[in-house]
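A quick write-up on the structure given underneath.
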Amino acid sequence: MASVKTLVGGEIVSYTRMLDEARSIATNRMISEALNLGADAIVNVRYSSSAVMSGAAEIVAYGTAVKIIG
């Protein structure tokens, strides 16, 4: 069904949900890593996605963990 949607257009709801979940997981992993480093905040957060193979994609969240001094 996804290949038909690709041809005629429209949102593939299950794929959108999967990407939303992947973005949430990536964000939580980034936050966890920043906390492990003792950071107070994360600035300049960005997301990147790419196709890993046919039918599979990855989402990466990255930013700069900072410690507030003063």
Checked pairs for segment 49-64, first over 11 Å from R23 (Cβ atoms), second part of a loop (DSSP other than H, G, I, E, B) and of a type in the set (A, V, I, L, M, F, W, C), C-beta under 9 Å and 6 or more apart or across chains, list as T64/A39
Residue pairs qualifying under the 6 Å Cβ cut-off, at least six apart or on distinct chains, with the first in segment 12-28 being within 15 Å of V60 (Cβ to Cβ) and the second being open to solvent by less than 90 Å² (accessible area, probe 1.4 Å), are A22/I59; R23/I59; A26/I59; A26/A61; T27/A61
Flagged in segment 13-49 as among the small types (G, A, S) and open to solvent by 50 Å² or more (accessible area, probe 1.4 Å), in numbering order, are S14, S24, S32, S48, S49
All-but-one check, V52 against (1) exposed (fewer than 12 other Cβ atoms within 10 Å of the Cβ); (2) at pLDDT below 95; (3) not in a strand (DSSP E or B), failing number (3)
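The values are calculated or read from the model by the stated rules, or taken from the named source; none is laboratory data. This one's a predicted model, so the numbers in the text were calculated from it and none came from an experiment. All Cβ positions, even for glycine, are placed from backbone atoms using ideal geometry, and neighbour counts span all protein chains on display. These accessible areas exclude ligands, DNA and RNA; they are computed on the full protein's heavy atoms, side chains included. Shrake-Rupley method; radii C 1.70, N 1.55, O 1.52, S 1.80 Å.
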